Amino acid sequence: MRATTPIIRKIYNDCNTLYFEGKLPTPIFGTYKFNRVWGSVKTRHDLDPNGRVINFQSWLRMNSRWDISEDKMIDVVLHEMIHIYIVYNGIPVTQPDGHGEEFIKVMNDINEKYGRNVKVNKEIDLEELDTDNLRRGHYICMVEMKDARSGFYPLPPNRVPKLRQTMEKFDQVKSYTLYYTEHPFFNRYLTNKKVKSFPLYYEDVEEILKQAINLTQEKQTDTKD
């Protein structure tokens, strides 16, 4: 299951009824394609003269990049709903990231009472990323540095024609090779307009790259002295 606005809205409304007595306000829903978190929530509100929350508004977004189970998506939505519950009810937040004892108490109550698996940590780990097995096209630039480090740079398609120009900007690049592959291994890495290299040795993905298309006619070396 991939997150869409209608799916998020339905899960939220169902969870609001089942776990929060239908008392939480409805946020503005949306999706994004970040690499490291399943979901996020933002809130905004004012306080009346008695310190009560008024003019409350919230925004809940879910990561639509990954195909996950319905149970996982429900647990992530519940995680964000706990944040909304705490702020909306004026409960003091004791930790900067919002995951203090007040969050843990509500989370544990829901998990124990309803058999859910809501977690404090909503970051995506590599095992979870590996569940995305859809075949997508990836332009992968394997880079070797002059100090023996190596890695790769996932390119957006529109950056491929400018690859050599891009690599020449970096003094420490010894060589690079461009590949096109649809292997799911690279699904976990998002492309970026800025050059972002991920540590990786060629030997770690040698079998994958043997099946990839080498788009570099001649291996480029010593791009800049």
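A residue that is touching a Phe, Trp or Tyr at 6+ places or on another chain (Cβ under 9 Å), more than 17 Å from residue 137 (Cα to Cα) and modelled with pLDDT under 85 occurs nowhere in the range 174-188. All conditions but one from (1) out of contact with any helix residue (DSSP H, G or I) (no Cβ under 9 Å at 6 or more places or on another chain); (2) β-branched (Val, Ile, Thr); (3) crowded, with 20+ Cβ neighbours inside 10 Å apply to residue 110; the one that does not is (1). Got a number for residues in the range 161-193 being farther than 14 Å from residue 151 by Cβ and aromatic (Phe, Trp, Tyr)? Number of matching residues: 2.
If you go through the range 1-28 and keep only what is in contact (Cβ under 8 Å) with a residue 24 or more places away in the chain and farther than 11 Å from residue 77 by Cα, you end up with 1, 2, 4, 5, 18, 19, 20, 24, 25, 27, 28. What residue, of 18, 47, is aliphatic (A, V, I, L, M) and at pLDDT 95 or above? It is 18.
All of (1) over 18 Å from residue 20 (Cβ atoms); (2) surrounded by fewer than 14 Cβ atoms within 10 Å (Cβ to Cβ) hold for residue 63 with one exception: (2).
What's the total number of residues in the range 142-172 that are surrounded by 17 or more Cβ atoms within 10 Å (Cβ to Cβ), modelled with pLDDT of 85 or more and either β-branched (Val, Ile, Thr) or outside the structural domain of residue 206 (by TED's automatic domain parsing) (or both)? Qualifying residue count for the region: 1.
The values are calculated or read from the model by the stated rules, or taken from the named source; none is laboratory data. Because the structure is a prediction, the values reported are computed rather than measured. Note: ideal-geometry Cβ built from the backbone for every residue, glycine included; neighbour counts use all protein chains shown.
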